[in-house]
Amino acid sequence: MRKIDELNDWRRTHYSVEIKPELEGKKVTIFGWLSSIREQGGIVFLILNDKEGMVQITVHKDKSSKSILEKLKILSEHSSIGVKGIVKSINKAPHGAEIIPEEIKILSIAKRQPPFSLFGGKMPTIDKRLDIRVIDLRRPKAQAIFKIRHTVLKAIRDFLIGKRYMEVSTPKIIATATEGGAALFPLLYYDKEAFLAQSPQLYKEQLVMPFEKVFEIGPIFRAEESRTLRHLSEIISVDVEEAFVSYKDTMNLIEQMISHVVKTINDECSKEMELLKQKIKIPKSPFKRLTYDEILKILEKEGIIMNWGEDLSTQTIKILGEILPEFYFIIDWPTAIKPFYIKPRDDKKDICESFDLMHSSIELASGGSRISSKRLLIKRLKEQGLKPKLFEYHLRIFDYGMPPHAGFGLGLERLMMVLTGQENIREVSIFPRDRFRLTP
Ligand code: ATP
Ligand code: MG
(Lines give C-alpha, C1' and ligand atoms only; values in the text may rest on other atoms or scores of the structure.)
(Ligands and ions follow the chains in the order given, each with its own letter.)
Protein backbone atom coordinates (compact mmCIF):
# COMPACT_ATOMS: atom_id res chain seq x y z
CA MET A 1 0.00 0.00 0.00
CA ARG A 2 1.25 3.50 -0.84
CA LYS A 3 1.62 5.41 2.39
CA ILE A 4 1.58 9.00 1.19
CA ASP A 5 -1.57 10.47 -0.32
CA GLU A 6 -1.78 13.23 -2.89
CA LEU A 7 -3.45 16.50 -1.99
CA ASN A 8 -5.41 16.51 -5.28
CA ASP A 9 -8.57 18.58 -5.01
CA TRP A 10 -8.81 18.59 -1.20
CA ARG A 11 -8.93 22.14 0.17
CA ARG A 12 -9.40 23.37 3.71
CA THR A 13 -12.91 24.46 4.64
CA HIS A 14 -12.13 25.41 8.26
CA TYR A 15 -9.27 26.05 10.67
CA SER A 16 -9.10 24.00 13.86
CA VAL A 17 -10.48 26.72 16.12
CA GLU A 18 -13.52 27.15 13.89
CA ILE A 19 -14.74 23.63 14.66
CA LYS A 20 -17.49 24.56 17.11
CA PRO A 21 -20.85 23.09 18.21
CA GLU A 22 -22.67 25.39 15.75
CA LEU A 23 -21.26 23.24 12.93
CA GLU A 24 -22.90 20.05 14.27
CA GLY A 25 -23.51 17.57 11.45
CA LYS A 26 -21.61 19.63 8.87
CA LYS A 27 -18.94 18.07 6.67
CA VAL A 28 -15.56 19.81 6.97
CA THR A 29 -12.03 19.47 5.61
CA ILE A 30 -9.08 20.40 7.80
CA PHE A 31 -5.30 20.15 7.53
CA GLY A 32 -2.48 20.24 10.02
CA TRP A 33 0.01 18.26 12.05
CA LEU A 34 -0.71 15.57 14.59
CA SER A 35 0.38 16.63 18.03
CA SER A 36 -0.95 13.62 19.91
CA ILE A 37 -2.32 10.14 19.23
CA ARG A 38 -3.98 8.44 22.18
CA GLU A 39 -6.04 5.24 22.34
CA GLN A 40 -8.61 4.59 25.03
CA GLY A 41 -10.99 1.61 25.03
CA GLY A 42 -11.48 1.22 21.30
CA ILE A 43 -11.44 4.97 20.61
CA VAL A 44 -8.44 6.76 19.12
CA PHE A 45 -8.15 10.48 19.86
CA LEU A 46 -6.04 12.46 17.43
CA ILE A 47 -5.15 16.05 18.20
CA LEU A 48 -4.44 18.06 15.09
CA ASN A 49 -2.71 21.45 15.25
CA ASP A 50 -2.81 24.08 12.57
CA LYS A 51 -1.64 27.68 12.63
CA GLU A 52 -4.71 28.78 14.56
CA GLY A 53 -4.84 26.17 17.29
CA MET A 54 -6.00 22.57 17.79
CA VAL A 55 -8.95 20.27 17.17
CA GLN A 56 -9.82 16.73 18.24
CA ILE A 57 -10.47 13.98 15.72
CA THR A 58 -12.15 10.96 17.23
CA VAL A 59 -11.98 7.53 15.61
CA HIS A 60 -14.38 4.87 16.90
CA LYS A 61 -12.55 1.74 15.81
CA ASP A 62 -15.64 -0.42 15.52
CA LYS A 63 -17.39 2.10 13.27
CA SER A 64 -14.49 3.24 11.11
CA SER A 65 -13.54 2.29 7.59
CA LYS A 66 -10.72 -0.15 6.99
CA SER A 67 -8.74 2.55 5.22
CA ILE A 68 -8.78 4.82 8.30
CA LEU A 69 -7.76 1.95 10.58
CA GLU A 70 -4.85 1.08 8.26
CA LYS A 71 -3.70 4.69 8.32
CA LEU A 72 -3.84 4.88 12.11
CA LYS A 73 -1.33 2.02 12.23
CA ILE A 74 1.36 4.01 10.43
CA LEU A 75 0.70 7.54 11.67
CA SER A 76 3.27 9.11 13.98
CA GLU A 77 3.08 12.36 15.93
CA HIS A 78 4.08 15.43 13.88
CA SER A 79 2.92 13.80 10.64
CA SER A 80 0.91 16.13 8.45
CA ILE A 81 -2.57 14.99 7.48
CA GLY A 82 -5.85 16.09 5.97
CA VAL A 83 -9.19 15.02 7.41
CA LYS A 84 -12.67 15.09 5.89
CA GLY A 85 -15.33 14.38 8.46
CA ILE A 86 -18.49 15.36 10.29
CA VAL A 87 -18.53 17.79 13.20
CA LYS A 88 -20.04 16.54 16.44
CA SER A 89 -20.50 18.70 19.51
CA ILE A 90 -18.98 17.31 22.67
CA ASN A 91 -18.25 19.19 25.87
CA LYS A 92 -14.91 17.66 26.64
CA ALA A 93 -13.20 18.53 23.34
CA PRO A 94 -11.40 21.81 22.65
CA HIS A 95 -13.96 24.48 21.51
CA GLY A 96 -16.75 22.02 22.42
CA ALA A 97 -16.66 19.97 19.21
CA GLU A 98 -14.79 17.14 17.53
CA ILE A 99 -14.57 15.67 14.05
CA ILE A 100 -15.64 12.12 13.24
CA PRO A 101 -13.47 11.34 10.19
CA GLU A 102 -14.84 9.84 7.00
CA GLU A 103 -11.55 9.97 5.18
CA ILE A 104 -7.97 10.73 6.19
CA LYS A 105 -5.10 11.69 3.88
CA ILE A 106 -1.56 11.17 5.08
CA LEU A 107 0.40 13.96 3.42
CA SER A 108 3.74 13.41 5.11
CA ILE A 109 4.89 10.97 7.75
CA ALA A 110 7.15 12.37 10.47
CA LYS A 111 10.18 10.12 10.51
CA ARG A 112 11.75 11.86 13.49
CA GLN A 113 10.47 13.43 16.67
CA PRO A 114 11.91 16.77 17.84
CA PRO A 115 14.23 16.43 20.85
CA PHE A 116 11.76 18.42 22.95
CA SER A 117 8.01 18.63 23.38
CA LEU A 118 6.36 21.54 21.62
CA PHE A 119 3.56 21.60 24.14
CA GLY A 120 5.22 21.78 27.54
CA GLY A 121 7.91 19.95 29.40
CA LYS A 122 11.57 20.77 29.75
CA MET A 123 13.08 22.96 27.08
CA PRO A 124 16.54 22.37 25.69
CA THR A 125 19.05 25.21 25.18
CA ILE A 126 18.10 27.82 22.64
CA ASP A 127 20.83 26.57 20.29
CA LYS A 128 19.27 23.11 20.09
CA ARG A 129 15.93 24.72 19.31
CA LEU A 130 17.39 27.06 16.71
CA ASP A 131 18.88 24.11 14.85
CA ILE A 132 15.32 23.12 13.93
CA ARG A 133 13.90 26.60 14.20
CA VAL A 134 10.77 26.16 12.12
CA ILE A 135 9.71 23.23 14.28
CA ASP A 136 10.54 25.24 17.40
CA LEU A 137 8.39 28.07 16.02
CA ARG A 138 5.34 25.82 16.31
CA ARG A 139 5.56 26.07 20.12
CA PRO A 140 2.56 28.12 21.34
CA LYS A 141 4.86 30.66 23.02
CA ALA A 142 6.85 31.19 19.85
CA GLN A 143 3.60 31.46 17.89
CA ALA A 144 2.48 34.14 20.36
CA ILE A 145 5.74 36.10 20.04
CA PHE A 146 5.57 36.18 16.25
CA LYS A 147 1.87 36.97 16.14
CA ILE A 148 2.69 39.95 18.39
CA ARG A 149 5.62 40.89 16.14
CA HIS A 150 3.34 40.85 13.12
CA THR A 151 0.86 43.08 14.97
CA VAL A 152 3.62 45.46 16.12
CA LEU A 153 4.81 45.90 12.54
CA LYS A 154 1.27 46.54 11.37
CA ALA A 155 0.73 49.05 14.20
CA ILE A 156 3.95 50.92 13.38
CA ARG A 157 3.04 51.10 9.70
CA ASP A 158 -0.55 52.20 10.41
CA PHE A 159 0.69 54.84 12.83
CA LEU A 160 3.32 56.34 10.53
CA ILE A 161 1.24 56.15 7.37
CA GLY A 162 -1.62 57.77 9.33
CA LYS A 163 0.73 60.66 10.06
CA ARG A 164 1.61 60.92 6.35
CA TYR A 165 5.11 59.41 6.43
CA MET A 166 6.06 57.59 3.24
CA GLU A 167 7.51 54.08 3.36
CA VAL A 168 10.77 53.82 1.42
CA SER A 169 13.49 51.23 0.81
CA THR A 170 17.18 52.11 0.62
CA PRO A 171 20.15 50.06 -0.65
CA LYS A 172 21.58 47.39 1.60
CA ILE A 173 24.74 47.11 -0.49
CA ILE A 174 26.69 50.28 0.06
CA ALA A 175 30.03 51.80 -0.91
CA THR A 176 31.10 53.46 2.35
CA ALA A 177 30.51 53.08 6.02
CA THR A 178 27.71 55.18 7.48
CA GLU A 179 29.34 55.82 10.79
CA GLY A 180 32.93 54.71 10.50
CA GLY A 181 34.51 51.42 9.58
CA ALA A 182 33.88 49.38 12.71
CA ALA A 183 31.20 46.70 12.74
CA LEU A 184 30.83 46.49 8.95
CA PHE A 185 30.53 43.34 6.87
CA PRO A 186 32.63 43.74 3.72
CA LEU A 187 31.65 41.95 0.54
CA LEU A 188 32.81 41.64 -3.02
CA TYR A 189 30.66 43.71 -5.35
CA TYR A 190 31.81 42.57 -8.82
CA ASP A 191 35.43 43.73 -8.70
CA LYS A 192 35.00 46.33 -5.94
CA GLU A 193 34.81 46.22 -2.17
CA ALA A 194 31.38 47.06 -0.79
CA PHE A 195 29.61 46.63 2.55
CA LEU A 196 26.30 45.55 3.99
CA ALA A 197 24.46 48.62 5.28
CA GLN A 198 24.79 49.14 9.03
CA SER A 199 22.02 51.77 8.87
CA PRO A 200 19.94 53.58 6.22
CA GLN A 201 21.01 56.84 7.89
CA LEU A 202 22.50 58.83 5.02
CA TYR A 203 19.91 57.66 2.48
CA LYS A 204 16.95 58.46 4.69
CA GLU A 205 18.41 61.91 5.33
CA GLN A 206 18.72 62.47 1.59
CA LEU A 207 15.13 61.31 1.08
CA VAL A 208 13.70 64.19 3.12
CA MET A 209 14.58 66.32 0.07
CA PRO A 210 11.94 64.74 -2.21
CA PHE A 211 9.54 63.25 0.38
CA GLU A 212 9.98 65.25 3.63
CA LYS A 213 8.63 62.52 5.95
CA VAL A 214 9.92 59.00 5.34
CA PHE A 215 10.23 55.72 7.15
CA GLU A 216 11.86 52.40 6.39
CA ILE A 217 11.43 49.03 8.04
CA GLY A 218 14.30 46.92 6.83
CA PRO A 219 17.38 44.92 7.74
CA ILE A 220 20.63 46.41 9.01
CA PHE A 221 23.87 44.51 9.50
CA ARG A 222 26.43 44.86 12.29
CA ALA A 223 29.52 42.74 12.69
CA GLU A 224 29.19 42.65 16.47
CA GLU A 225 32.23 40.95 17.93
CA SER A 226 30.76 39.61 21.11
CA ARG A 227 27.81 37.34 21.67
CA THR A 228 25.33 39.09 23.98
CA LEU A 229 21.67 38.64 24.83
CA ARG A 230 20.73 41.86 23.00
CA HIS A 231 22.94 41.99 19.91
CA LEU A 232 22.50 40.18 16.60
CA SER A 233 24.43 40.70 13.37
CA GLU A 234 21.27 41.20 11.32
CA ILE A 235 18.26 43.02 12.71
CA ILE A 236 15.20 44.87 11.51
CA SER A 237 15.46 48.59 12.03
CA VAL A 238 12.54 50.98 12.09
CA ASP A 239 13.95 54.23 10.72
CA VAL A 240 12.16 57.55 10.54
CA GLU A 241 13.41 60.84 9.14
CA GLU A 242 11.60 64.15 8.75
CA ALA A 243 12.34 67.62 7.41
CA PHE A 244 11.65 70.91 9.25
CA VAL A 245 11.61 69.42 12.76
CA SER A 246 14.07 68.95 15.63
CA TYR A 247 14.83 66.07 17.96
CA LYS A 248 12.13 67.21 20.39
CA ASP A 249 9.42 66.63 17.75
CA THR A 250 10.97 63.27 16.98
CA MET A 251 10.82 62.26 20.65
CA ASN A 252 7.14 63.22 20.75
CA LEU A 253 6.55 61.10 17.67
CA ILE A 254 8.32 57.99 18.97
CA GLU A 255 6.47 58.35 22.28
CA GLN A 256 3.11 58.37 20.50
CA MET A 257 4.23 55.50 18.29
CA ILE A 258 5.19 53.33 21.28
CA SER A 259 1.88 54.12 22.99
CA HIS A 260 -0.02 53.19 19.82
CA VAL A 261 1.91 49.92 19.54
CA VAL A 262 1.24 48.98 23.18
CA LYS A 263 -2.45 49.82 22.84
CA THR A 264 -2.73 47.77 19.64
CA ILE A 265 -1.14 44.63 21.04
CA ASN A 266 -3.22 44.91 24.20
CA ASP A 267 -6.33 45.13 22.01
CA GLU A 268 -5.41 42.56 19.36
CA CYS A 269 -3.04 40.13 21.10
CA SER A 270 -4.49 39.78 24.59
CA LYS A 271 -4.52 35.96 24.32
CA GLU A 272 -0.90 35.89 23.21
CA MET A 273 0.20 38.31 25.95
CA GLU A 274 -1.59 36.18 28.52
CA LEU A 275 0.13 33.04 27.25
CA LEU A 276 3.47 34.81 27.70
CA LYS A 277 2.34 35.98 31.17
CA GLN A 278 3.14 39.46 30.00
CA LYS A 279 1.37 42.65 31.03
CA ILE A 280 2.29 46.02 29.66
CA LYS A 281 0.47 49.25 30.37
CA ILE A 282 0.20 52.07 27.86
CA PRO A 283 3.09 54.25 29.05
CA LYS A 284 2.33 57.73 30.36
CA SER A 285 3.39 60.55 28.04
CA PRO A 286 5.65 62.43 28.13
CA PHE A 287 8.28 59.82 28.97
CA LYS A 288 10.93 60.95 31.45
CA ARG A 289 13.63 62.95 29.69
CA LEU A 290 16.91 62.92 31.58
CA THR A 291 19.96 64.71 30.28
CA TYR A 292 23.28 62.92 30.09
CA ASP A 293 24.44 65.22 32.93
CA GLU A 294 21.46 64.21 35.10
CA ILE A 295 22.24 60.54 34.41
CA LEU A 296 25.80 61.07 35.65
CA LYS A 297 24.39 62.58 38.87
CA ILE A 298 22.01 59.63 39.37
CA LEU A 299 24.92 57.24 38.90
CA GLU A 300 27.10 59.26 41.27
CA LYS A 301 24.50 58.73 44.00
CA GLU A 302 24.88 54.99 43.35
CA GLY A 303 28.62 55.31 43.88
CA ILE A 304 29.55 55.22 40.19
CA ILE A 305 31.83 58.08 39.20
CA MET A 306 32.08 58.63 35.43
CA ASN A 307 34.21 61.12 33.55
CA TRP A 308 32.14 63.58 31.57
CA GLY A 309 32.18 62.46 27.93
CA GLU A 310 32.44 58.75 28.68
CA ASP A 311 29.82 56.45 27.10
CA LEU A 312 27.59 54.43 29.43
CA SER A 313 28.90 50.91 29.88
CA THR A 314 26.68 47.82 29.93
CA GLN A 315 27.31 47.65 33.67
CA THR A 316 26.20 51.22 34.39
CA ILE A 317 23.13 50.88 32.17
CA LYS A 318 22.12 47.82 34.21
CA ILE A 319 22.21 49.86 37.40
CA LEU A 320 20.29 52.65 35.68
CA GLY A 321 17.66 50.13 34.61
CA GLU A 322 16.95 49.24 38.22
CA ILE A 323 16.32 52.89 39.09
CA LEU A 324 14.36 53.59 35.89
CA PRO A 325 12.23 50.51 35.13
CA GLU A 326 10.00 52.14 32.46
CA PHE A 327 10.40 53.92 29.12
CA TYR A 328 12.62 57.02 29.37
CA PHE A 329 14.89 59.16 27.22
CA ILE A 330 18.52 60.02 27.81
CA ILE A 331 19.02 63.31 25.98
CA ASP A 332 21.74 65.85 25.20
CA TRP A 333 24.68 63.48 24.91
CA PRO A 334 28.30 64.64 24.54
CA THR A 335 28.85 65.41 20.85
CA ALA A 336 32.03 63.37 20.72
CA ILE A 337 30.34 60.01 21.47
CA LYS A 338 27.50 60.41 18.97
CA PRO A 339 27.80 59.90 15.18
CA PHE A 340 29.11 62.74 12.99
CA TYR A 341 25.70 63.64 11.52
CA ILE A 342 24.12 64.59 14.87
CA LYS A 343 23.70 68.34 15.35
CA PRO A 344 25.73 69.97 18.14
CA ARG A 345 23.78 72.45 20.25
CA ASP A 346 24.16 76.05 19.08
CA ASP A 347 24.85 77.37 22.59
CA LYS A 348 27.08 74.54 23.79
CA LYS A 349 28.93 72.72 21.04
CA ASP A 350 30.18 69.82 23.14
CA ILE A 351 26.58 68.70 23.72
CA CYS A 352 24.40 67.51 20.85
CA GLU A 353 20.67 67.38 20.11
CA SER A 354 20.41 63.66 20.58
CA PHE A 355 18.44 61.05 22.45
CA ASP A 356 18.41 57.37 23.26
CA LEU A 357 15.03 55.82 24.00
CA MET A 358 15.48 53.34 26.81
CA HIS A 359 13.32 50.81 28.60
CA SER A 360 14.93 49.88 31.88
CA SER A 361 18.42 48.76 30.84
CA ILE A 362 17.67 48.21 27.16
CA GLU A 363 18.45 50.80 24.50
CA LEU A 364 15.57 50.74 22.02
CA ALA A 365 16.36 53.64 19.72
CA SER A 366 18.81 56.42 19.02
CA GLY A 367 17.89 59.65 17.35
CA GLY A 368 18.54 63.34 17.07
CA SER A 369 18.51 66.55 15.08
CA ARG A 370 20.82 66.24 12.08
CA ILE A 371 23.39 68.63 10.75
CA SER A 372 22.07 70.39 7.65
CA SER A 373 25.13 72.57 6.94
CA LYS A 374 27.64 70.97 4.59
CA ARG A 375 30.54 72.92 6.13
CA LEU A 376 29.74 71.70 9.64
CA LEU A 377 29.19 68.15 8.42
CA ILE A 378 32.65 68.09 6.81
CA LYS A 379 34.16 69.44 10.03
CA ARG A 380 32.45 66.74 12.09
CA LEU A 381 33.50 64.00 9.67
CA LYS A 382 37.12 65.06 10.05
CA GLU A 383 36.84 65.27 13.84
CA GLN A 384 35.67 61.67 13.86
CA GLY A 385 38.59 60.57 11.72
CA LEU A 386 36.46 59.96 8.58
CA LYS A 387 37.41 61.04 5.07
CA PRO A 388 34.96 63.58 3.54
CA LYS A 389 36.01 62.38 0.09
CA LEU A 390 34.38 59.00 0.72
CA PHE A 391 31.11 60.78 1.50
CA GLU A 392 31.14 62.99 -1.58
CA TYR A 393 27.97 61.32 -2.95
CA HIS A 394 26.19 62.38 0.23
CA LEU A 395 27.75 65.80 0.87
CA ARG A 396 26.89 66.93 -2.66
CA ILE A 397 23.16 66.89 -1.82
CA PHE A 398 23.70 69.47 0.91
CA ASP A 399 24.39 72.11 -1.79
CA TYR A 400 20.78 71.89 -2.99
CA GLY A 401 18.90 73.33 -0.01
CA MET A 402 19.06 70.65 2.70
CA PRO A 403 16.52 71.67 5.36
CA PRO A 404 16.84 71.10 9.11
CA HIS A 405 15.75 67.53 9.81
CA ALA A 406 15.63 64.92 12.54
CA GLY A 407 14.88 61.24 12.98
CA PHE A 408 15.57 58.01 14.78
CA GLY A 409 16.45 54.34 14.30
CA LEU A 410 14.68 51.81 16.50
CA GLY A 411 15.65 48.15 16.77
CA LEU A 412 12.51 46.05 16.22
CA GLU A 413 13.95 43.04 18.08
CA ARG A 414 14.82 45.19 21.10
CA LEU A 415 11.28 46.55 21.17
CA MET A 416 9.93 43.00 20.88
CA MET A 417 12.10 41.90 23.84
CA VAL A 418 10.52 44.59 25.99
CA LEU A 419 6.96 43.99 24.79
CA THR A 420 7.06 40.21 25.15
CA GLY A 421 9.36 40.06 28.19
CA GLN A 422 12.15 38.05 26.55
CA GLU A 423 15.69 38.19 27.91
CA ASN A 424 17.36 36.71 24.85
CA ILE A 425 17.02 38.63 21.58
CA ARG A 426 17.19 35.30 19.70
CA GLU A 427 13.70 34.43 20.95
CA VAL A 428 12.21 37.33 18.97
CA SER A 429 14.11 36.82 15.73
CA ILE A 430 12.88 34.14 13.33
CA PHE A 431 16.32 33.12 12.08
CA PRO A 432 18.80 34.92 14.35
CA ARG A 433 22.31 35.66 13.11
CA ASP A 434 25.22 36.16 15.47
CA ARG A 435 28.99 35.70 15.61
CA PHE A 436 28.56 31.94 15.75
CA ARG A 437 25.37 31.30 13.84
CA LEU A 438 24.87 31.56 10.10
CA THR A 439 22.30 28.76 9.70
CA PRO A 440 19.46 27.93 9.41
P1 ATP B 1 24.15 49.30 21.40
O2 ATP B 1 24.88 50.42 22.11
O3 ATP B 1 23.05 48.71 22.20
O4 ATP B 1 25.07 48.29 20.79
P5 ATP B 1 24.02 51.16 19.23
O6 ATP B 1 23.94 52.47 19.97
O7 ATP B 1 25.31 50.74 18.68
O8 ATP B 1 23.41 49.99 20.15
P9 ATP B 1 22.52 52.39 17.12
O10 ATP B 1 23.56 52.60 16.12
O11 ATP B 1 22.10 53.53 17.97
O12 ATP B 1 22.94 51.15 18.06
O13 ATP B 1 21.26 51.71 16.39
C14 ATP B 1 19.91 52.08 16.61
C15 ATP B 1 19.14 50.98 17.30
O16 ATP B 1 19.27 49.76 16.60
C17 ATP B 1 19.63 50.65 18.69
O18 ATP B 1 19.10 51.54 19.64
C19 ATP B 1 19.13 49.24 18.88
O20 ATP B 1 17.77 49.23 19.21
C21 ATP B 1 19.27 48.67 17.50
N22 ATP B 1 20.52 47.91 17.35
C23 ATP B 1 21.72 48.36 16.92
N24 ATP B 1 22.62 47.38 16.84
C25 ATP B 1 21.99 46.25 17.21
C26 ATP B 1 22.36 44.88 17.33
N27 ATP B 1 23.59 44.48 17.01
N28 ATP B 1 21.44 43.99 17.72
C29 ATP B 1 20.18 44.39 18.03
N30 ATP B 1 19.77 45.65 17.94
C31 ATP B 1 20.65 46.58 17.54
MG1 MG C 1 22.53 53.92 19.94
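The values are calculated or read from the model by the stated rules, or taken from the named source; none is laboratory data. The structure displayed is predicted, hence computed values, not measured ones. Every residue, glycine as well, gets a Cβ built from its backbone with ideal geometry; the counts of neighbours run over all protein chains shown. What goes into the accessible areas is simple: the full protein's heavy atoms, side chains included, and nothing from ligands, DNA or RNA. Shrake-Rupley method; radii C 1.70, N 1.55, O 1.52, S 1.80 Å.
Placing pseudo-labels 7 Å out from each Cα toward the beta carbon at Ser246 and Ile282 gives an inter-label distance of 2.9 nm. Extending 7 Å from Cα along the Cβ direction at Lys379 and again at Arg396 yields two label points whose distance is 2.5 nm.
Full extension of the segment from Lys61 to Glu24, taken as 0.36 nm per residue of separation minus the current Cα-Cα distance, would add 11.2 nm.
Here the ratio of the Cα radius of gyration of the range 1-127 to 2.2 N^0.38 Å is 1.05. If you plug the beta carbon distance of Arg11 and Glu77 into 1/(1 + (r/R0)^6) with R0 = 25 Å, you get a FRET efficiency near 0.50. Accessible surface for the range 219-298, divided over its residues, is 53 Å² per residue with a 1.4 Å probe. How would you classify the range 161-230 from its alpha-carbon gyration tensor, with a ≥ b ≥ c the square roots of the eigenvalues: rounded for a/c under 1.5, else prolate if a/b is greater than b/c, otherwise oblate? Oblate, since a/c reaches 1.5 and b/c is not below a/b. So, R0 is 35 Å and r is the distance between the beta-carbons of Ser313 and Gln256; what FRET efficiency does that work out to, to 0.05? So, using R0 = 35 Å, E works out to roughly 0.65. Rounded to the nearest 500, the 222 nm mean residue ellipticity of the chain from helices alone is -8000 deg cm²/dmol, with -39,500 (n - 2.57) taken per DSSP H run of at least 4 residues. Among beta bridges from DSSP that stay inside the range 123-221, the antiparallel ones total about 75%. Here the label points at Lys84 and Ser35, each 7 Å from Cα along the C-beta direction, are separated by 2.7 nm in the simple model.
Only beta bridges with both residues in the range 1-150 are counted; by DSSP, about 95 percent of them are antiparallel. When you count the other C-beta atoms within 10 angstrom of each residue and take the mean per peptide, 415-425, 105-115 line up highest first as 415-425, 105-115. For the chain, the carbon plus sulfur part of the accessible surface works out to 53%, probe radius 1.4 Å.
Number of Lys pairs in the range 310-440 with C-alpha atoms less than 23 angstrom apart, excluding same-chain neighbours closer than eight positions? Number of lysine pairs found: 25.
Average accessible surface for the range 147-216: 51 Å² per residue, computed with a 1.4 Å probe over protein heavy atoms with every protein chain in place.
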